[in-house]
Amino acid sequence: MEGQLRRTLNLAKPDDIYNALVDAHKGLSDEECRAFDARLMLLLVNHIGDEAVILEALREAAL
Amino acid sequence: MSSYEYRHYPYVRPAELDGPGPRRPVVIVGAGIAGPTLALLLSTRGVPALVLDDDDTVSLGSRSICQAKHSLETWDRFGIAARMVEKGITWEQGEVYLRDSAIYRFNLQAEPGHKFPAFVNLQQYYVEEYLYERCRAEPLIEMRHRNKVVGLAPHDDGVTLTVETPDGAYTLETEWLVACDGVRSPVRHMLDLPFPGEIFHDQFLIADIRLAGDMPKERRFWFYPPFHPTNSVLLHRQADDILRVDFQLGRDADPEEEKKPENIDRRLRLMFGPEARWEHEWSSVYTFTCRMMERFVHGRTIFAGDAAHVVSPFGARGGNAAVADADNLAWKLARVVKGESPPGLLDSYCEERQAASRENIRQSTRSTDFITPKFEASRVFRDATLSLARDFPFARALINSGRLSVPTTQAGSPLDTPDADSDWTGGPAPGRAMIDAPLGNNGWLVERIGPDFTLLSFGDVGEGSAGVAVLKVDCSGLPAARYDARPGTTYLIRPDRYVAARWRRYDLDAAQAALARATGR
Ligand SMILES: Cc1cc2nc3c(=O)[nH]c(=O)nc-3n(C[C@H](O)[C@H](O)[C@H](O)COP(=O)(O)OP(=O)(O)OC[C@H]3O[C@@H](n4cnc5c(N)ncnc54)[C@H](O)[C@@H]3O)c2cc1C
């Protein structure tokens, strides 16, 4: 079910952001990675705010 | 060990031991919180009740300590709430700590202008003592201590009970039986009814101690405090300089070891320092369950309080739900006993209180999952939330150390008349609890709601009252603001202080229709 979640590119510098995302995890242990990702997700989820979009992303991320 | 002096209420040899007695309209099993509250509420509507309890004193241990505003408003009807406020500790603020620093404060009642505070902390034995005293002074109520229900036979039009006393057993006939006999409910077992739900394995240690000194009047919750670094701790103050400390122990703790006074003292010394001195009042190691019966009404037997549903302690929902059950049931049962409404009205008790119970279980399970995460990712998110909390206000709001009991919304109840006017921008909609407000020299709004339905009218009252009490209030100030009122706005309030219907302009036909609907006619 396709809803409000954006499926096309929404970034001006996609490679930069992708690499920043990956690089932020460099040198972290598995546990630190999990903690980092959880904090990042909470920050972004609150910023997005649109609950329908968040729930849709949760469904899509489950593949 | 306890500084509370347990009174023993007299056992009186029941007349039924010497021959059959009269058939009773209502028998209540259990004098905990739900039973006596229900008996008192029934008496305000002229319905007599016989209360049977298996022992002769009040709650052993302080158990339910957080008495919520809505419960106090109910108890105020019998004039005992003022005593509770006076004896107990009023609190509205809570503070959450992470490790050694405070990260979040909340206020449960941000606005003034209510007769009762959000919470009064008072040990369950005091609550029961005041309830018992009031019951004993009420001619319509008969309390029988050391009367244990040991058998029952349901019939189409009533229940036959077998009751054991120190002088032997007797039988009793009643039209209606209300089982307020607690979480282990012998009545539920005798009827062989299931009690499905979820079991939680985390263990907690409650230590009630007497510690004189200047303790803050607020709820405090710690995640990973230095004095108990692996888990959480909850602190509440109670009457008589008693503190409740609730230590999360984890799943693998050995309850027998943890219960030993020297081990409790070791934990307390870490918390309060080597100088502090205390006396033990009561302690207990517990795990908990969330369960709910599939139906609360089985023929002529009705279940209320812990007998019908239990929740985890986070949020103070157990005892307060027991009071709300009694409040919801009393007026309906009274109407049915008096022939004013058909027995089908009682289905709405089940429906409304099951919805409330589901909400209580949902809320308390979420708190429990936050406090005691059940799997790794759950713990990771919990800790991520805590670590963001200091700098990000949104994360503070996610910290769930117990969402404290507020009246549940009974949205969608068949008794409610949905809003017909579309221009409401506030006020309690049908299915919501009414909101208190000051009435100047006339006291408080909650005090003015009688034992029957009330029409609350702002400004000019319409013609005809549909046979119920009318409470006329000036259309100004806080009452008008809290009810989104304009001149002519009228609310139909149920005896349990829930809104059944509301109109911008009073209309007798509409009021009569709403009243018929709300009373199951
Ligand atoms: C450690 C602890 C802390 C708690 N803290 C809170 C809190 O802060 N806030 C809150 O709201 N709730 C709290 N609760 C829950 C609260 O104590 C219960 O929800 C509440 O007591 C339920 O009231 P009740 O009337 O349904 O049952 P109970 O109070 O359990 O009463 C049942 C009564 O039935 C009687 N009885 C049982 N069998 C028979 C029989 N066969 N014949 C006659 N009588 C019988 C018993 O003697 C008892 O008096 C706490 C509970 C515990 C254990």
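The values are calculated or read from the model by the stated rules, or taken from the named source; none is laboratory data. Since we're looking at a predicted model, the values are computed, not measured. When we count neighbours, we look across all protein chains shown, and the Cβ atoms used for this are built from the backbone with ideal geometry, even at glycine. Each accessible area value is taken on the protein alone, full model and side chains, heavy atoms only, with ligands, DNA and RNA left out. Shrake-Rupley method; radii C 1.70, N 1.55, O 1.52, S 1.80 Å.
General observations
- Test result for residue A:55, open to solvent by 50 Å² or more (accessible area, probe 1.4 Å), within 13 Å of chain B (Cβ to nearest Cβ) and under 28 Å from residue B:383 (Cβ atoms): no
- Check on residue B:5, assigned to a helix (DSSP H, G or I) and more than 12 Å from the ligand (Cβ to nearest atom): no
- Taking every residue in segment A:6-35 that is more than 14 Å from chain B (Cβ to nearest Cβ) and pairing it with any residue that is in a loop (DSSP other than H, G, I, E, B) and at pLDDT 95 or above, at least 6 positions away or on another chain, the pairs with Cβ-Cβ distances below 8 Å are A:17/A:11.
- Screening segment B:481-497 for residues that are open to solvent by 10 Å² or more (accessible area, probe 1.4 Å) and not basic (Lys, Arg) and picking the one that is modelled with the lowest pLDDT gives B:487.
- Some residue of segment A:10-23 being within 30 Å of residue B:386 (Cβ to Cβ) and surrounded by 13 or more Cβ atoms within 10 Å (Cβ to Cβ): no
- One residue stands out among those in segment B:195-217 that are within 14 Å of the ligand (Cβ to nearest atom) and either without any contact (Cβ under 8 Å) to a residue 60 or more places away in the chain or among the hydrophobic types (A, V, I, L, M, F, W, C) (or both): the one that is nearest to residue B:375 (Cα to Cα), which is B:200.
- All conditions in (1) touching a Lys or Arg at 6+ places or on another chain (Cβ under 8 Å); (2) under 25 Å from residue B:425 (Cβ atoms) hold for residue B:455, with the sole exception of (1).
- Check on residue B:464, part of a loop (DSSP other than H, G, I, E, B), surrounded by fewer than 15 Cβ atoms within 10 Å (Cβ to Cβ) and not polar (S, T, N, Q): yes
- Residue within segment B:196-219 that is among the polar types (S, T, N, Q) and within 23 Å of residue B:403 (Cβ to Cβ) present: yes
- Selection count where residues are within 6 Å of the ligand (Cβ to nearest atom) and part of a loop (DSSP other than H, G, I, E, B), scope segment B:27-53: 5
- Among the residues of segment B:376-423, those identified as free of Cβ contacts under 8 Å to residues at least 60 places away in the same chain, crowded, with 17+ Cβ neighbours inside 10 Å and among the hydrophobic types (A, V, I, L, M, F, W, C) are B:380, B:381, B:384, B:388, B:395, B:398.
- Of the residues screened, residue A:34 is not one that is open to solvent by 80 Å² or more (accessible area, probe 1.4 Å) and either at positive phi or assigned to a loop (DSSP other than H, G, I, E, B) (or both).
- Here residue B:192 clears all of (1) within 22 Å of residue B:59 (Cα to Cα); (2) acidic (Asp, Glu); (3) more than 9 Å from the ligand (Cβ to nearest atom); (4) without any contact (Cβ under 8 Å) to a residue 24 or more places away in the chain except the condition numbered (1).
- Filter result for residue A:27 (surrounded by 10 or more Cβ atoms within 10 Å (Cβ to Cβ) and in a loop (DSSP other than H, G, I, E, B)): no
- Of the helices (runs of 4 or more DSSP H) lying entirely inside segment B:246-347, those containing at least 1 residues that are away from chain A (no Cβ under 14 Å), away from the ligand (no atom under 15 Å from the Cβ) and crowded, with 19+ Cβ neighbours inside 10 Å span B:261-272, B:318-337.
- Check on residue B:245, among the β-branched types (Val, Ile, Thr) and within 25 Å of the chain's Cα centre (by Cα): yes
- Selection status of residue B:470, outside the structural domain of residue B:353 (by TED's automatic domain parsing) and assigned to a strand (DSSP E or B): yes
Residue-wise test of (1) free of Cβ contacts under 8 Å to residues at least 12 places away in the same chain; (2) farther than 30 Å from residue B:164 by Cβ; (3) not aliphatic (A, V, I, L, M).
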| site | (1), (2), (3) |
| --- | --- |
| B:8 | no, no, yes |
| B:27 | no, no, no |
| B:59 | no, no, yes |
| B:75 | no, yes, yes |
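- Of the residues making up segment B:174-192, those that are touching a strand residue (DSSP E or B) at 6+ places or on another chain (Cβ under 9 Å) and either closer than 30 Å to residue B:232 by Cβ or surrounded by fewer than 18 Cβ atoms within 10 Å (Cβ to Cβ) (or both) are B:175, B:183, B:191.
- Selection count where residues are over 19 Å from residue B:234 (Cα atoms) and either acidic (Asp, Glu) or within 12 Å of chain A (Cβ to nearest Cβ) (or both), scope segment B:388-415: 6
- Some residue of segment B:475-487 being outside the structural domain of residue B:76 (by TED's automatic domain parsing), in a strand (DSSP E or B) and hydroxyl-bearing (Ser, Thr, Tyr): no
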